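Novice: My structure is below; once you've seen it, I'll send some questions.
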Amino acid sequence: VTFTATAANAGNNPKYQWKRNGQDVQGATGAVWSANTLNDNDSVSVEIVSNYKCPQPAGAASNGIVVKVLATVGGLKGVGELTLYPNPNNGKFILKGKIPSGEALRIEIVNALGQAIYNDNIISLGIINKEINLPDIAAGIYLLRLQSENDVSSIRFSVK
C-alpha cells in the first residue's frame, strides 16, 4: 500500500514523519511511504513540519487512516479469487468475487472444534456477492471452506 502526503502552504521542502498506530516509522520521512506488512485496523498518519521562515503553525498532523486488510480465498480450479471481508468481523461478513457461471459451490464455516456451524450451497451467475450473517457466533478463529466439484479451499478468519 502506498500513502502520499500533499502539503499546502508548507514551503518548498517540508519535513515528513509517517506514523503507524501513533509510533514513528523508522526511515519514513518523505512525502510518499509504502508498506506491505500492515495489519487489519492499523492507523496510518503523517506529521508535516513546514520550512517557511515563520510558519503559523509550524507543523500539522493528518487524520489517521484505518487500514482494512481483505482476506482472499483462491486455488479452486476454475474459480477466480474470492474475498472475505471484513476480517476480523462481528459474525457478519461478505464473500465476494468472480467464478465461472454455473459453478456450484458449497460454503461451510467450521469452528475451532471442527464443528460445522454454517452450510450453504450456491450456484454462481458469474459473480458472488454473498453476505453471511451469524448473529450468535462466539468470538474466536473460524475456517470458511469452499468446495467445488473437484477442489476444496479454505481461509481462516476471526470474530471479535
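The values are calculated or read from the model by the stated rules, or taken from the named source; none is laboratory data. Since this is a predicted model, take the numbers as computed values, not measurements. Here Cβ is always computed from backbone atoms with ideal geometry, including for glycine, and neighbour counts include all displayed protein chains. Areas reflect the complete protein model, heavy atoms only, side chains present, ligands, DNA and RNA absent. Shrake-Rupley method; radii C 1.70, N 1.55, O 1.52, S 1.80 Å.
Novice: Give the residue that is nearest to the chain's Cα centre (by Cα), with candidates limited to residues of segment 16-42 that are surrounded by fewer than 15 Cβ atoms within 10 Å (Cβ to Cβ) and part of a strand (DSSP E or B).
Specialist: By that ranking, first place goes to Ser34.
Novice: Say we look at segment 1-15 and pick out the residues that are assigned to a strand (DSSP E or B) and of a type in the set (Val, Ile, Thr); which of these is surrounded by the fewest Cβ atoms within 10 Å (Cβ to Cβ)? Break it down stepwise before answering.
Specialist: Within segment 1-15, the subset assigned to a strand (DSSP E or B) is 2-4, 15.
Those left that are additionally of a type in the set (Val, Ile, Thr): 2, 4.
Values: Thr2: 8, Thr4: 10.
Among those residues, the one meeting the criterion is Thr2.
Novice: Let me ask something additional. Scan segment 84-98 residue by residue and report those that are part of a strand (DSSP E or B) and open to solvent by 50 Å² or more (accessible area, probe 1.4 Å).
Specialist: Tyr85, Lys92, Lys96, Lys98
Novice: Please work out which residue is nearest to the chain's Cα centre (by Cα), limiting yourself to segment 103-122 and to residues that are over 15 Å from Leu82 (Cβ atoms) and open to solvent by 50 Å² or more (accessible area, probe 1.4 Å). Break it down into steps so the answer makes sense when it comes.
Specialist: The initial filter retains those residues of segment 103-122 that are over 15 Å from Leu82 (Cβ atoms), namely 110-119, 121.
Right, trim to open to solvent by 50 Å² or more (accessible area, probe 1.4 Å) and you get 112-117, 119, 121.
Numbers: Ala112: 23, Leu113: 26, Gly114: 26, Gln115: 27, Ala116: 25, Ile117: 24, Asn119: 24, Asn121: 26 Å.
Of everything passing the filter in segment 103-122, Ala112 is nearest to the chain's Cα centre (by Cα).
Novice: Among all residue pairs at least 6 apart or on different chains, which show Cβ distances below 9 Å where the first residue, located in segment 139-151, is under 13 Å from Ser124 (Cβ atoms) and the second is open to solvent by 90 Å² or more (accessible area, probe 1.4 Å)?
Specialist: Cβ pairs passing all conditions: Ser148/Lys77; Glu149/Lys77.
Novice: Is there any pair linking a residue in segment 45-66 that is farther than 16 Å from Val1 by Cβ and open to solvent by 60 Å² or more (accessible area, probe 1.4 Å) to one that is hydrophobic (A, V, I, L, M, F, W, C) and part of a strand (DSSP E or B), with Cβ under 7 Å and at least six apart or on different chains, and which?
Specialist: Pairs found: Glu47/Ala61; Ala60/Ile48.
Novice: Just to be sure before I move on: is Lys160 basic (Lys, Arg) and at pLDDT below 85 in the structure I sent?
Specialist: Numbers: basic (Lys, Arg): yes; at pLDDT below 85: no.
The answer is no for Lys160.
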